[in-house]
Amino acid sequence: MAIAQDLANLASAFAFEGEPTKAQAIASGHINRTYYLTYDNGRGGENYYLLQKINSAVFQDVPALMANVARLLAYFKNEPHISEELFYGREPELIFTKNGASFLAAADGSFWRAYTFIGAATILKEPALVEIRAAAFAYGSLARRLANLSCELFNETIPNFHALKSRLLAFNAALSAAAEERPERYKKVLPLAQKLSAMATLALPLAKAIASGELPRRLAHNDTKLSNILFAKESHEPLSIIDFDTVMPGSPLYDFGDLVRSAAATGAEDEPEGMEISLEKYEVICQGFIPPLLPILNEAEREYLPLAPLTITCELSLRFFADYLSGDHYFAIHYPEQNFKRGLAQLKLAESMAERAGEMAKIAKNNLSPQNLKKVY
């Protein structure tokens with residue numbers, strides 16, 4: 001469609017090359033609103049960009065967020081390759097405003113930023129095992145690369161992001177408030193509260209080990225979904241990891257756990273029926289993610305790594321249910337009960353992980369053995 005005037009006015013603040021001709025809303029992502037822009041470059045060709053409205057309700061300190069993003073992308077641009085065996089992708093480039101800022105603070109109080117668009121790429125909705133392994137290797141490589149950067153250089157864009165105890169407290173608070181404010185939702189979630197608490201109790205040791213300093217703080221991506229990797233349209237090889245909004249101090253164990261949660265489940269994120277862990281997918285994730293990290297993981301990290309998928313899955317279940325109870329303000333929804341279904345699906349996935357914890361630990365430990373240190377993808 002032709003670019004609307006209000007969007008054209010916003011885009012005019014950025015240092016895009018050419019004249020705007022088209023704009024298309026991209027219906028993906030839980031948090032930010034994104035538009036795909038086409039520009040006539042004046043030389044018989046076209047340039048493509050992404051213009052994104054930042055969700056300032058989620059990212060309340062936008063300058064700190066964008067300082068992280070700008071610093072990270074600038075580092076990637078001149079990053080020394082520590083090993084030719086790792087995955088180095090084509091990261092998007094940040095387009096600055098004409099005033100040299102990394103984001104635009106619009107007159108209406110909204111915040112906007114822009115990136116180059118990576119063409120000939122796609123997000124795989126039903127990847128094959130070889131593609132899941134490739135994605136895991138890309139994320140494992142990123143975790144290794146991020147370990148070269150000091151946590152002190154990066155802001156905590158969402159405080160207590162992976163603090164499971166805080167997520168449990170927030171869920172309980174939302175449940176209590178919903179008893180009066182949203183009684184129908186309260187009645188739906190209340191019967192599940194005991195199961196949620198039981199699963200969280202099983203997962204808490206990892207969260208406590210990180211909070212206490214038993215496990216080292218390392219820079220992490222913190223949102224390692226398959227939908228945050230772009231694949232080449234033809235070959236289906238990974239091209240680029242995207243969405244660096246949550247890159248901040250954390251742990252690569254959480255990145256491993258979130259990838260397992262999102263890529264090794266038998267159903268979609270909002271499909272609770274029949275939801276369970278696929279050990280076949282889990283194994284290829286271990287094969288891809290773990291070897292790049294073997295040179296840096298210490299003994300405690302190796303010991304706790306098998307618990308990470310359960311920890312992250314419990315956390316996401318609590319977050320989806322808390323958002324549902326609070327009126328769906330954090331995660332974007334496409335139908336009224338979606339966050340309830342998301343929470344229930346993650347709870348069922350967590351229960352499946354707990355049931356198969358022994359098998360999952362054995363698979364992880366097989367891939368943590370020194371003989372995998374030299375494995376390349």
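Data overview
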quantity	calculated
Among 276-285, 42-51, the order from most to least packed when residues are scored by Cβ within 10 Å on average	276-285, 42-51
Distance in nm between pseudo-label sites at residue 74 and residue 98 (7 Å out along the Cβ direction from Cα)	2.3 nm
For the stretch 234-377: Kirkwood Rh in Å [reciprocal of mean 1/r, alpha carbons]	16.3 Å
Approximate spin-label separation residue 192-residue 169, in nm, with each point projected 7 Å along Cα-to-Cβ	2.3 nm
Lysines whose Cα lies under 26 Å from that of residue 365, excluding same-chain neighbours fewer than 8 positions away	208, 225, 281, 348, 374, 375
Expected-Rg normalisation [2.2 N^0.38 Å, Cα atoms] applied to the stretch 96-147	1.76
Full-stretch length increase - residue 357, residue 41 - with 0.36 nm per residue and alpha-carbon distance subtracted	108.3 nm
Neighbour-count order for 269, 299, 355, fewest beta carbons within 10 angstrom listed first	299, 355, 269
Efficiency of FRET from Cβ geometry, residue 129 and residue 298, R₀ 30 Å, rounded to 0.05	0.50
Under the Debye formula (equal points on every Cα, no solvent term), log10 I(q)/I(0) of the stretch 5-117 at q = 0.12, 0.15, 0.24 Å⁻¹	-0.47, -0.72, -1.44
Viscosity 1.002 mPa s, 20 °C: Kirkwood-radius Stokes-Einstein D of the stretch 136-207 over Cα pairs, µm²/s	141 µm²/s
Most fluctuating residue given options 301, 93, 181, as computed from a GNM of the chain linking Cα atoms under 10 Å	181
Quotient of Cα Rg and 2.2 N^0.38 Å for the chain, N being how many residues it contains	1.00
Ordering of 13-22, 223-232 by packing [mean C-beta count within 10 Å, highest first]	223-232, 13-22
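Quick note: the coordinates plus some simple rules give every number you see, no bench work behind them. These numbers come from a predicted model, not from an experiment. Virtual Cβ from ideal backbone geometry, glycine too; neighbours counted across all protein chains shown.
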